[in-house]
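Q: Next up is a structure, given as structure tokens.
Just so it is clear, none of the values below were taken in a lab; they were calculated from the coordinates. Since the structure is predicted, the reported quantities are computational estimates derived from the model, not experimental observations. In this analysis, Cβ positions are derived from the backbone assuming ideal geometry, glycine residues included, and neighbour counts consider all displayed protein chains.
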Amino acid sequence: MKPVLEVFGWLLLMQGVGGLLNTLFGWWTWAHDLLVVNQVPFLKGYEVFASIVIGVLGFVLLAVAESLAGSAKKAEDGT
């Protein structure tokens, strides 16, 4: 479960950061079509907010994956 959460967490975090950089600074123009916020029509006008939310969700998934790894390690140790 941890590897799946880590992969999705990193993907969401990169989408969030990439969306912010693209929206605020115009960077990554070559990746414009690869960013989720640019592909979902109802997010037009809310790209910055959506990118922040996506990035935070990615960070949360990474934190949950780390928490699961910690709790699994404690269960192994018997503490």
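Q: Quick check on the chain: helices-only [θ] at 222 nm, where DSSP H runs of length 4 and up contribute -39,500 (n - 2.57) each and the sum goes over total residues. Nearest 500, please.
A: The helix-only estimate for the chain comes to -25500 deg cm²/dmol at 222 nm.
Q: Here's a follow-up. Relative contact order of region 11-67, please, whole-number percent, based on alpha carbon pairs below 8 angstrom and at least 6 residues apart.
A: 48 percent
Q: Compute the distance in nm between two label points, each set 7 Å from the Cα along the Cα-to-Cβ direction, one at A63 and one at M1.
A: The modelled label-to-label distance comes out at 1.8 nm.
Q: Okay, moving on. Using +1 on the beta carbon of Lys and Arg, -1 on that of Asp and Glu, and nothing else charged, what's the dipole of the chain about the Cα centre, debye to 20?
A: Computed about the Cα centre, the dipole is about 80 debye.
Q: I've got another one for you. With Cα extents along the principal axes in Å as the read-out, I listed (1) 51, 21, 19; (2) 59, 36, 10; (3) 36, 31, 21; which label goes with the value calculated from this structure?
A: After the calculation, the listed value that fits is (1).
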